[in-house]
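One structure is given here, and the rest of the page talks about it.
The values are calculated or read from the model by the stated rules, or taken from the named source; none is laboratory data. Since the model is a prediction, treat every value here as computed from it, not as a measurement. No Cβ is skipped: glycine too gets one built from the backbone with ideal geometry, and neighbour counts run over all protein chains shown. Ligands, DNA and RNA are excluded from the accessible area calculation, which covers all protein heavy atoms including side chains. Shrake-Rupley method; radii C 1.70, N 1.55, O 1.52, S 1.80 Å.
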Amino acid sequence: MNNKILKSSTATYQSGVVKADGKLYVTQGEVRFEPYNESAGLGPYTLTRSAIVKIEKSVGTGAGILPLTSDAITITLENEDTYDFIIANPDEWIHLLKH
């Protein structure tokens, strides 16, 4: 499997009211999030690209409810797990991950 990084950026993983800043990477076969602070318990996460069934723009929130930014994506896996990332240029990420 090709592990060459196709795209990487600073990102924020969001799960309800909790967030973790880190790096988001895409390779040919994986999407990986590595938090800057692993002791917070939010990551690292490795998502197999073949398991992704949907990727769409979403909204990053404050306190889990207040919309703060539209620069976010939600990745849904075939097991229905979802991962929300606040990230610059979400359209570029969506385009890359759909191809």
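Couple of notes before you dig in:
- Only residues that are open to solvent by 50 Å² or more (accessible area, probe 1.4 Å), in a helix (DSSP H, G or I), more than 13 Å from Asp21 (Cβ to Cβ) and of a type in the set (A, V, I, L, M) were counted in the stretch 31-67, giving 0.
- Note on the stretch 74-85: among residues that are out of contact with any Leu (no Cβ under 8 Å at 6 or more places or on another chain) and in a strand (DSSP E or B), the one that is surrounded by the most Cβ atoms within 10 Å (Cβ to Cβ) is Asp84.
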